[in-house]
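Participant: Structure provided below as structure tokens; questions to follow.
The values are calculated or read from the model by the stated rules, or taken from the named source; none is laboratory data. No experiment lies behind these values; they were computed from the predicted model shown. For neighbour counting, all protein chains shown are included, and Cβ atoms are generated from backbone atoms with ideal geometry for every residue, glycine included.
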Amino acid sequence: MIKTDKIRKPQPALFYIIDYLWSGFAGLSVAMVVVALWAWGSAVFGEFMLPAPVEVFQKSLDLLQHFQENEIGISLWRSVVGISVALVAGLAAGLVAGSFKTAMALLKPVITILLAMPPIIWVVMALFWFGFGNPSVLFTIIVLV
């Protein structure tokens, strides 16, 4: 891209398209380096420690082809509901805490407790409190998000 005094110089539309496509190579190259390191690690440490990328991609494709049998829809529903509730609650708490110093003082210990506990503890506590099923999964997602 040609700039003069940090201002874009007008160019033909084809130039903008080529410039946009060319800028995507940086992200693509990073992804390819990660996959190459993954394949190298699989070759060095073995399939048991780190499965090969090809096998993982094939298994992922197989899971997606058998969408209903693998109950991926339930997982997606739980994810969407849990993240949505957490975002709404977090946004509301953040707005209240940002508007009122007293609310911030009251929410500070809650935030400290939520951030200090490892995720596995929340999973175990949710299983004890709610048992297996949707409530424990949703609670864990909400607390972690």
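Participant: It is to be established whether one or more residues within the stretch 87-95 are outside any helix (DSSP H, G or I), farther than 30 Å from residue 32 by Cα and assigned by TED's automatic domain parsing to the domain that holds residue 145.
Facilitator: Within the stretch 87-95, none of the residues are outside any helix (DSSP H, G or I), farther than 30 Å from residue 32 by Cα and assigned by TED's automatic domain parsing to the domain that holds residue 145.
Participant: Counting only residues that are among the aromatic types (Phe, Trp, Tyr) and farther than 19 Å from residue 88 by Cα, give me the helices (runs of 4 or more DSSP H) lying completely in the stretch 100-145 with at least 3 of them.
Facilitator: Output list reads 119-130.
Participant: So, of the residues in the stretch 10-34 that are loosely packed, with under 10 Cβ neighbours inside 10 Å and over 30 Å from residue 54 (Cα atoms), which turns out to be modelled with the highest pLDDT?
Facilitator: Ranking the qualifying residues of the stretch 10-34, first place goes to 14.
Participant: Go through the stretch 44-58 and give me each residue that's in a helix (DSSP H, G or I) and either β-branched (Val, Ile, Thr) or within 19 Å of residue 31 (Cβ to Cβ) (or both).
Facilitator: 44, 53, 54, 55, 56, 57, 58
Participant: Taking the stretch 78-88 as the search range and keeping residues that are of a type outside the set (S, T, N, Q) and surrounded by 13 or more Cβ atoms within 10 Å (Cβ to Cβ), which one is modelled with the lowest pLDDT?
Facilitator: So the residue we want is 78.
Participant: Regarding residue 83, is this residue in a helix (DSSP H, G or I) and touching a residue at least 60 places away in the same chain (Cβ under 8 Å)?
Facilitator: Judged against the criteria, residue 83 is a match.
Participant: I'm told residue 139 meets every condition in (1) more than 22 Å from residue 75 (Cα to Cα); (2) in contact (Cβ under 8 Å) with a residue 12 or more places away in the chain except one. Can you identify the failing condition by its number?
Facilitator: Tallying (1) more than 22 Å from residue 75 (Cα to Cα); (2) in contact (Cβ under 8 Å) with a residue 12 or more places away in the chain, residue 139 fails exactly one: (1).
Participant: Listed residues 99, 84, 23, 42; which is within 23 Å of the chain's Cα centre (by Cα) and either outside the structural domain of residue 140 (by TED's automatic domain parsing) or among the small types (Gly, Ala, Ser) (or both)?
Facilitator: Every option except 84 fails the conditions.
Participant: Can you find a residue that is more than 30 Å from residue 139 (Cβ to Cβ) and surrounded by 10 or more Cβ atoms within 10 Å (Cβ to Cβ) anywhere in the stretch 62-70?
Facilitator: Yes; the residues of the stretch 62-70 include at least one that is more than 30 Å from residue 139 (Cβ to Cβ) and surrounded by 10 or more Cβ atoms within 10 Å (Cβ to Cβ).
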